[in-house]
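Any read-out appearing in this document is the output of simple, stated calculations on the displayed coordinates, not a laboratory observation. No experiment lies behind these values; they were computed from the predicted model shown. Every residue, glycine among them, receives a Cβ derived from its backbone with ideal geometry; neighbour counts consider all protein chains shown.
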Amino acid sequence: MARRKKIYEGKAKTLFEGPEPGTIVQYFKDDATAFNAQKKDVIEGKGVLNNMLSEYFMNGLTNVGIPNHFIRRLNMREQLVRACEIVPLEVIVRNFAAGSMAQRLGIEEGTTLPRPVVEYCLKDDKLGDPLVTEEHIAAFGWASQQDMDDILSLALRVNDFLSGVMYAVDIKLVDFKIEIGRVYDGDFQRLIVADEISPDSCRLWDIETGKKLDKDVFRRDLGSLTDAYTEVARRLGVMPKGGTHMTRPTLVN
Ligand code: TMP
Ligand code: ASP
């Protein structure tokens, strides 16, 4: 059987050429990294959970009219997505101070922000994904002014959607990161939400107890990451049938 062509291997996912032109197979690994891969581990079942959770969130975005790359889930670890050019920015939206913002500005973690704060980081692991301003983005041509308007609007729409979905299951959406892809429809280009939306790329706190249900559990050694992600999946009604142990990958052609 012909082996699929690997296009790219990242820290948490591998991308393969898809079965039709313009598609990509996104494979979710069990690898967890933090602090620009200085901390690494393999967390059994994480890839399965993130595949299911990203499917759930992307389908939700589609249902409220927010364009994204998701086409369909193929199996426990793989999903078919639309191929796109990734804009080299990590787009972060924060509702409460935490993580690098809390540290940088000396704000206590958990402080409610007066409005959602959107930040941009340059996607460059060698530089540690530095925070950049719209001036840098314009000056170095990473995105146009029209792109930035569209990206801001997408980011805030995703924030409203995700905050509501999480609130409905007693989880506070503290912050999250999305990536944006550029797709071409004939002569037109447009921007869509790409990559993944999962507890790897969000901060999720239980509303009652403040318990962390996201990758900070791994970053800060707070317990079992699989238990935390399983809790999020369970509350949302997204549970892999038979648990996360049926994880043998199936190849798609
Ligand atoms: P930060 O507070 O560490 O800057 O993270 C902000 C949000 O972005 C948080 O939800 C975690 C997410 N994030 C990623 O998804 N990938 C990354 O490489 C980093 C640094 C943060
Ligand atoms: N910085 C990412 C995180 O902490 C992961 C990594 O860069 O290895 O989420």
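Key figures for this structure:
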| quantity | calculated |
| --- | --- |
| Alpha-carbon Rg with Dmax, taken over the range 62-106, Å | 16.0, 44 |
| Charged-residue dipole, Cβ positions (Lys, Arg, Asp, Glu), the range 112-163 about Cα centre, Debye nearest 20 | 140 debye |
| Two-site label geometry, Val64 and Glu17: point separation in nm, points 7 Å out along Cα→Cβ | 3.8 nm |
| Positive dipole terminus of the range 127-253, leading residue within Ile197, Asn159, Leu225 (C-beta point charges) | Leu225 |
| Rh (Kirkwood; distinct C-alpha pairs) - the chain, Å | 18.8 Å |
| Order by protection proxy (mean Cβ within 10 Å, highest first), peptides 135-142, 210-217 | 210-217, 135-142 |
| Value of [θ]222 nm, deg cm²/dmol, for the chain, DSSP H segments ≥ 4, -39500 (n - 2.57) each, nearest 500 | -8500 deg cm²/dmol |
| Rough spin-label spacing in nm, given labels placed 7 Å along Cα→Cβ, for Lys123 and Met239 | 3.4 nm |
| Base-10 log of normalised Debye intensity for the range 124-253 (one unit scatterer per alpha-carbon) at q = 0.19, 0.21 Å⁻¹ | -1.18, -1.26 |
| Mean shadow area of the range 2-134 over all directions, Cα convex hull, nm² | 10.4 nm² |
